[in-house]
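What follows is one structure encoded as structure tokens, with my remarks underneath.
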């Protein structure tokens, strides 16, 4: 009986009920529909205002499962969720690095998101779900990159790339408050980077300012000088990446 | 419950900001910040009163931070529970900082006259009673082009002891130990990493005790600070602990 209740509570319908009734809410749920799944965050890339982005990622399939000849597929999107390019990287080390600058993005000076999916055509073992949270570094004018790890799961694909999943972050009928546990009072400039993790339009507000983000779109919002930054949304996990600037230096972390 | 910590170092200053409110906006004023340090094989606890002007944050500057001490949020009533166990063990006093999304204190580390980098300085209570191994890749966050690369390794253990334990730089491909390092429990250890070790095959592997490896790079007065993910966070399927154990066993065999 207990296991049946657990099973129902963990189902999509159970999570929907829990989130809307406030019974052990689950802002993120990974109920993979396929047997071999690679889950990805929506990682930020920036090439605007002299930014360069460095992406560091692990070869999870080789490190943990000793799978040879695995590779990764990276998909780049603009801030409006328009597809830019696909990159396939073979011959992986345990840890790998990719520089994303305007040359890499064919001259684009802007910001957006990208996803990483692991691929293997030879794996024949048990069911597995992996997630590469990785590390993304940002530098301006070739200074040392400031790194932050991944922020939130957004999309998934089967290891062969044929099946796609999304909406691991949940929304609720009631509005949720997420107050950033830091102040932006003592910086020259502060920006928050948001990506919509859902495959539907979301609305959110910060103070008196209201924002709309379409499916998987992203936005940079200036919050310079704010002391109390509360984000109100029906999306249950809308945690931004923070970019703080002071005296020619930058600091990036998840808010 | 979470503990918080800072970094004391000759190159960098650190400043710890602990929010008094949860990320849902809820603020319970009875929660105060306490400093815990080891004295005569017991946990010595003192109250720190340093709230910012608006009453939203506890501010702990470098004069309060030592590599041996830690901080927590608790009520006065909860702190009195330590007396019952004769200050002999850390306790799980409350769930005020057990939130989803995760509670975030901010440890800002800065170079004098230079840059700054923030780190989320929580050390979950669940880690303080556990022993085990930590596996952390060196090249994921350290930088071959930096002037200096350091791993700050923080261990908090429930008993008020400062015991030595070992960590190793291990090359997984050649299955060789490249370097042995001595670390101390209940301490923020500083491991300077030479560039020759920053390679995709090289990992930091600890023996006996766990902790949080915080990777720090510095160049031209710029600084970057971030922790590596524990290996089980890469696997979401049911095999996660079995698969990670198998990998750690491989490292154990190399160091032994």
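In region A:59-110, how many residues are at positive phi and without any contact (Cβ under 8 Å) to a residue 24 or more places away in the chain? Break it down stepwise before answering.
Within region A:59-110, the first condition is being at positive phi, and the residues that meet it are A:66, A:69, A:81, A:91, A:106-107.
From the residues that got through so far, the ones that are without any contact (Cβ under 8 Å) to a residue 24 or more places away in the chain too are A:66, A:91, A:106-107.
Of the residues in region A:59-110, 4 are at positive phi and without any contact (Cβ under 8 Å) to a residue 24 or more places away in the chain.
Please go through region A:14-37 and pick out each residue that is loosely packed, with under 14 Cβ neighbours inside 10 Å, modelled with pLDDT under 80 and within 11 Å of chain B (Cβ to nearest Cβ).
Answer for region A:14-37, where residues must be loosely packed, with under 14 Cβ neighbours inside 10 Å, modelled with pLDDT under 80 and within 11 Å of chain B (Cβ to nearest Cβ): just A:31.
Filter region B:188-201 for residues that are outside any loop (DSSP other than H, G, I, E, B) and away from chain A (no Cβ under 14 Å) and give the result.
Step one: list which residues in region B:188-201 are outside any loop (DSSP other than H, G, I, E, B), which gives B:188-192, B:195-197.
Within region B:188-201, B:188, B:189, B:190, B:191, B:192, B:195, B:196 meet the criteria.
Say we look at region A:239-254 and pick out the residues that are facing chain B (nearest Cβ under 9 Å) and closer than 17 Å to residue A:28 by Cα; which of these is surrounded by the fewest Cβ atoms within 10 Å (Cβ to Cβ)?
First pass over region A:239-254, keeping only residues facing chain B (nearest Cβ under 9 Å): A:239, A:242, A:244, A:246-254.
Of the ones still in play, those that are also closer than 17 Å to residue A:28 by Cα are A:239, A:254.
Values: A:239: 22, A:254: 18.
For region A:239-254, the residue satisfying everything is A:254.
Let me confirm something: among B:111, B:134, which residue is buried (at least 20 other Cβ atoms within 10 Å of the Cβ) and either more than 25 Å from residue B:43 (Cβ to Cβ) or under 13 Å from the mean Cα position of the chain (by Cα) (or both)? Step through it out loud before you land on a result.
Details: B:111 fails: buried (at least 20 other Cβ atoms within 10 Å of the Cβ).
That would be B:134, the only listed residue that is buried (at least 20 other Cβ atoms within 10 Å of the Cβ) and either more than 25 Å from residue B:43 (Cβ to Cβ) or under 13 Å from the mean Cα position of the chain (by Cα) (or both).
Can you go through B:241, B:205, B:251 and tell me which one is more than 10 Å from chain A (Cβ to nearest Cβ), in contact with a helix residue (DSSP H, G or I) (Cβ under 8 Å, 6 or more places away or on another chain) and outside any strand (DSSP E or B)? So that I can check it myself, show each step before the final result.
Values: B:205 fails: outside any strand (DSSP E or B); B:251 fails: in contact with a helix residue (DSSP H, G or I) (Cβ under 8 Å, 6 or more places away or on another chain).
The match here is B:241.
Per-residue answers, yes or no, for (1) in a loop (DSSP other than H, G, I, E, B); (2) touching a helix residue (DSSP H, G or I) at 6+ places or on another chain (Cβ under 8 Å):
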site: A:105; (1), (2): yes, no
site: A:115; (1), (2): no, no
site: A:130; (1), (2): no, yes
site: A:142; (1), (2): yes, no
site: A:161; (1), (2): yes, no
site: A:177; (1), (2): no, no
site: A:190; (1), (2): no, no
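Please go through region B:149-165 and pick out each residue that is surrounded by 15 or more Cβ atoms within 10 Å (Cβ to Cβ) and touching a strand residue (DSSP E or B) at 6+ places or on another chain (Cβ under 8 Å). Walk me through how you get there before you give the answer.
First, the residues of region B:149-165 that are surrounded by 15 or more Cβ atoms within 10 Å (Cβ to Cβ): B:149-160, B:165.
Within region B:149-165, B:149, B:150, B:151, B:152, B:153, B:154, B:155, B:156, B:157, B:160, B:165 qualify.
So, residue B:235, is that one touching a residue at least 24 places away in the same chain (Cβ under 8 Å), within 13 Å of chain A (Cβ to nearest Cβ), buried (at least 18 other Cβ atoms within 10 Å of the Cβ) and at negative phi or not? So that I can check it myself, show each step before the final result.
Values: touching a residue at least 24 places away in the same chain (Cβ under 8 Å): no; within 13 Å of chain A (Cβ to nearest Cβ): yes; buried (at least 18 other Cβ atoms within 10 Å of the Cβ): yes; at negative phi: yes.
Taking the combined requirement at face value, the residue does not satisfy it.
Could you identify the single residue in B:44, B:77, B:8 that is in contact with a strand residue (DSSP E or B) (Cβ under 9 Å, 6 or more places away or on another chain), more than 14 Å from chain A (Cβ to nearest Cβ) and not in a loop (DSSP other than H, G, I, E, B)? Full working, then the answer.
On the way: B:77 fails: in contact with a strand residue (DSSP E or B) (Cβ under 9 Å, 6 or more places away or on another chain); B:8 fails: not in a loop (DSSP other than H, G, I, E, B).
From the options B:44, B:77, B:8, the qualifying one is B:44.
Within region A:38-54, take every residue that is closer than 21 Å to residue B:231 by Cα and within 11 Å of another protein chain (Cβ to nearest Cβ) and give me the one that is nearest to the chain's Cα centre (by Cα). Break it down stepwise before answering.
Of all residues in region A:38-54, those closer than 21 Å to residue B:231 by Cα come to A:38-43.
Add one more test, that the residue is within 11 Å of another protein chain (Cβ to nearest Cβ), and what stays is A:38-39.
Values: A:38: 14, A:39: 10 Å.
Among those that are closer than 21 Å to residue B:231 by Cα and within 11 Å of another protein chain (Cβ to nearest Cβ), it is A:39.
Mind listing just one residue for me: the one in region B:166-187 that is touching a residue at least 60 places away in the same chain (Cβ under 8 Å) and not in a strand (DSSP E or B) and, of those, nearest to the chain's Cα centre (by Cα)?
Among those that are touching a residue at least 60 places away in the same chain (Cβ under 8 Å) and not in a strand (DSSP E or B), it is B:186.
Given the condition out of contact with any strand residue (DSSP E or B) (no Cβ under 7 Å at 6 or more places or on another chain), away from every other protein chain (no Cβ under 14 Å), modelled with pLDDT of 95 or more and farther than 30 Å from residue B:99 by Cβ, answer yes or no: does some residue in region A:84-101 qualify? Lay out the reasoning, then the answer.
Initial filter on region A:84-101 (out of contact with any strand residue (DSSP E or B) (no Cβ under 7 Å at 6 or more places or on another chain)): A:91, A:93.
After this cut, where a residue has to be away from every other protein chain (no Cβ under 14 Å) as well, the list is none.
The answer is no; no qualifying residue exists.
Of the conditions (1) modelled with pLDDT under 95; (2) closer than 22 Å to residue B:216 by Cβ; (3) in a strand (DSSP E or B), residue B:71 satisfies every one except a single condition; which number is it?
(1)
Answer yes or no as to whether residue A:11 is more than 14 Å from chain B (Cβ to nearest Cβ), modelled with pLDDT under 95, under 26 Å from residue B:243 (Cβ atoms) and surrounded by fewer than 19 Cβ atoms within 10 Å (Cβ to Cβ).
Details: more than 14 Å from chain B (Cβ to nearest Cβ): yes; modelled with pLDDT under 95: yes; under 26 Å from residue B:243 (Cβ atoms): yes; surrounded by fewer than 19 Cβ atoms within 10 Å (Cβ to Cβ): yes.
In short, yes.
Every residue in region B:134-165 that is assigned to a loop (DSSP other than H, G, I, E, B) and away from chain A (no Cβ under 13 Å), please. Break it down stepwise before answering.
Of region B:134-165, the ones assigned to a loop (DSSP other than H, G, I, E, B) are B:134, B:138-147, B:156-163.
Selection gives B:134, B:156, B:157, B:158, B:159, B:160, B:161, B:162, B:163.
Going by the conditions given, is residue A:124 at pLDDT below 95 and out of contact with any helix residue (DSSP H, G or I) (no Cβ under 8 Å at 6 or more places or on another chain)? First the steps, then the outcome.
Working: at pLDDT below 95: yes; out of contact with any helix residue (DSSP H, G or I) (no Cβ under 8 Å at 6 or more places or on another chain): yes.
Yes; evaluated as a whole, the condition is true for this residue.
Check residue B:124 against each of (1) within 14 Å of chain A (Cβ to nearest Cβ); (2) surrounded by fewer than 22 Cβ atoms within 10 Å (Cβ to Cβ) and name the one condition it does not meet.
Among (1) within 14 Å of chain A (Cβ to nearest Cβ); (2) surrounded by fewer than 22 Cβ atoms within 10 Å (Cβ to Cβ), the lone unmet condition for residue B:124 is (1).
Could you check region A:133-186 and list, in sequence order, the residues that are farther than 26 Å from residue B:97 by Cα and within 15 Å of the chain's Cα centre (by Cα)?
A:136, A:137, A:155, A:156, A:157, A:165, A:166, A:167
Hey, residue B:104 hits all of (1) touching a strand residue (DSSP E or B) at 6+ places or on another chain (Cβ under 6 Å); (2) within 14 Å of another protein chain (Cβ to nearest Cβ); (3) buried (at least 16 other Cβ atoms within 10 Å of the Cβ) but one; which does it fall short on?
Result: residue B:104 fails condition (1) only.
The values are calculated or read from the model by the stated rules, or taken from the named source; none is laboratory data. This is a predicted model, so every value here is computed, not measured. With ideal geometry, Cβ positions are generated from the backbone for all residues, glycine too; neighbour counts draw on all protein chains shown.
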